[in-house]
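Here's the structure we're looking at; comments come further down.
The values are calculated or read from the model by the stated rules, or taken from the named source; none is laboratory data. Note that the structure is predicted; figures quoted are calculated from it, not measured. With ideal geometry, Cβ positions are generated from the backbone for all residues, glycine too; neighbour counts draw on all protein chains shown. Please note that ligands, DNA and RNA were not included when accessible areas were found on the heavy atoms of the full protein model with its side chains. Shrake-Rupley method; radii C 1.70, N 1.55, O 1.52, S 1.80 Å.
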Amino acid sequence: MPGLTEPSHRPAGVLPVVAAAGLRRRLRIVVLDPMVRRPVLSIFVVALAVRITAAVVIAVGWDGILFLDDAAYSRLAELAADDAVRDSYDRFLYERTATLLVPIAGLYELFGPVELSGQLFVALLGAATAGLTTRLAMEIMHPRFALLAGLIVALLPSQILWSSLILKDAAVWAVLSALALVVALAARSDGRRLVLLGATAALLLALLGFLRLYTLEVACVAMVLAVLAFPRPRPLARFTGAVVLLACVPLAFGMGIAGGSFVVNRGGDPGQQRALNAIEADSAVVAAPAPAAAAPDTGPTAGGAGPTTAAAPDETSSAGAGTGAPARKTPEKTSSAGGTARAPAAKAPGKTSSTEDPPPTPAPTPLDAASPTAASSLTYLPTGVTVVALRPWPWERSSGSLGIRMARAETIVWYPLLLLALVGLGTAFGHRRTLAFPILAGGAILAMYGLTEGNLGTAYRHRGELVWVVALLAALGAERIGRWRHERRRRLVAA
């Protein structure tokens, strides 16, 4: 009849399915396909946008400071921007963290001591890590799965937080991921391009040396071993270049040839480092030294910076052994970034904390290690690896700090990522030209922190050095599962 339409013969449940399929198709055309065409740029933009948003929220809500550590770094940059008179120890710490603090001090000179400008610089480094991880993943997997690797780094909450504050962790990630890409490209390069890549590797190692010396040592050794793992016959130029960098770059930082003296000085008793790292940490996993070992505050230093501490905010108090650091008056240690919430007084003049590679100080015997033997260290290693890679457990009751709360919440996605990474690790040997350096460096960093971390907060933050490696392997694992499902479907159709 006129005015009436023919009744639809489609079942009622089909319409939502068709609508969902149409929505997915539009999202693929509008969002996914353009990202697949330019994956590195897309991931960089996404990561940068998220980090800028987080930095602005922190700047507005918390004046740009969440923890004592970022306050200490900001204060050192402010002193440098004002060309203030600083004591020799503060000057040493500033220079030892120059990769992070020199650019931020420059920004403070231009815009004044506004933490947001420093936060935006760190956000740029965090976004660069996500883009570099995507580019490295494209060497071995489909662009869609390379996007997945980049998105993990771009959107993981801890990566966003630690690269939205004035902390040096994002700079370490960026340098390590860039070095991994350089090593992968060098595996298939010759002539002038190989020379250029070698010079780039030397520059990146130098930047890493002005951030964390022990990570520099790990990176140098991992680079040499990665060259040995290349599937093609080992050209003499590649191996010689890697060995020269291993020998010379640590030497330039006072670590001895190939970092030998640094390793000897740092390799005494990891139990002492764990115990000193646990001082005043609400999330300590080992017993700290006896309170009587700490000296009282000695008041302002010659540079007018006020009470300072001997240990860096995120380093153990023996981190500077063998580096020629000037002596410090007090052996106290600041609380870790992840273990202690921000104290408002941390930003006040005269409350600067030291921020890098402190000199060796007489350390009391820790309560968790009876003797500095290799056997005791190896016995603790499984526990330490658990602290770095897995804890805090979702059900674990510990400090109520922001870092620990976030770590517990993040396990919802972190544990599945680890499982995917284990799946991807099963196929890593076939991609060893690209993955040799990330796996070797990541494994060594995990073992190193497993031996020395004394509290969950710092361990959670230092875990960030491993996230880009886990992202690579997790994306590789997802691709492997996707291939397996496709083959299974194909066999079922053929049958």
State yes or no: is Val17 open to solvent by 80 Å² or more (accessible area, probe 1.4 Å), modelled with pLDDT of 85 or more and assigned to a helix (DSSP H, G or I)?
no
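Restricting segment 380-408 to residues that are of a type in the set (Val, Ile, Thr) and touching a Phe, Trp or Tyr at 6+ places or on another chain (Cβ under 9 Å), which is surrounded by the fewest Cβ atoms within 10 Å (Cβ to Cβ)? Before the answer, list the steps.
As a first pass, look at segment 380-408 and keep what is of a type in the set (Val, Ile, Thr): 383, 385-388, 404.
Narrowing the set further to residues that are touching a Phe, Trp or Tyr at 6+ places or on another chain (Cβ under 9 Å) leaves 385, 387-388, 404.
Numbers: Val385: 16, Val387: 24, Val388: 24, Ile404: 22.
That would be Val385.
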State whether the residues of segment 430-443 include one that is open to solvent by 60 Å² or more (accessible area, probe 1.4 Å), of a type outside the set (Val, Ile, Thr) and without any contact (Cβ under 8 Å) to a residue 12 or more places away in the chain.
yes
Could you tell me which of the residues Thr458, Thr411 is surrounded by 24 or more Cβ atoms within 10 Å (Cβ to Cβ), within 30 Å of Arg135 (Cβ to Cβ) and of a type in the set (S, T, N, Q)?
Thr458
When Ser189 is run through (1) part of a helix (DSSP H, G or I); (2) without any contact (Cβ under 8 Å) to a residue 24 or more places away in the chain, the failure sits at (1)
Members of segment 449-475 that are touching an Asp or Glu at 6+ places or on another chain (Cβ under 9 Å) and not polar (S, T, N, Q):
Tyr449, Gly454, Leu456, Gly457, Ala459, Tyr460, Arg461, His462, Gly464, Glu465
Within segment 445-464, does at least one residue satisfy the condition of being under 17 Å from the mean Cα position of the chain (by Cα), over 26 Å from Arg266 (Cα atoms) and in a helix (DSSP H, G or I)?
no
Looking for whichever is closer than 27 Å to Pro103 by Cα and either in a helix (DSSP H, G or I) or among the charged types (D, E, K, R) (or both) here; the options are Leu251, Leu211. Which one fits?
Leu251
Hits in segment 29-54 (condition: open to solvent by 70 Å² or more (accessible area, probe 1.4 Å) and either under 28 Å from the mean Cα position of the chain (by Cα) or at pLDDT 75 or above (or both)):
Arg37, Arg38, Leu41, Val45, Thr53
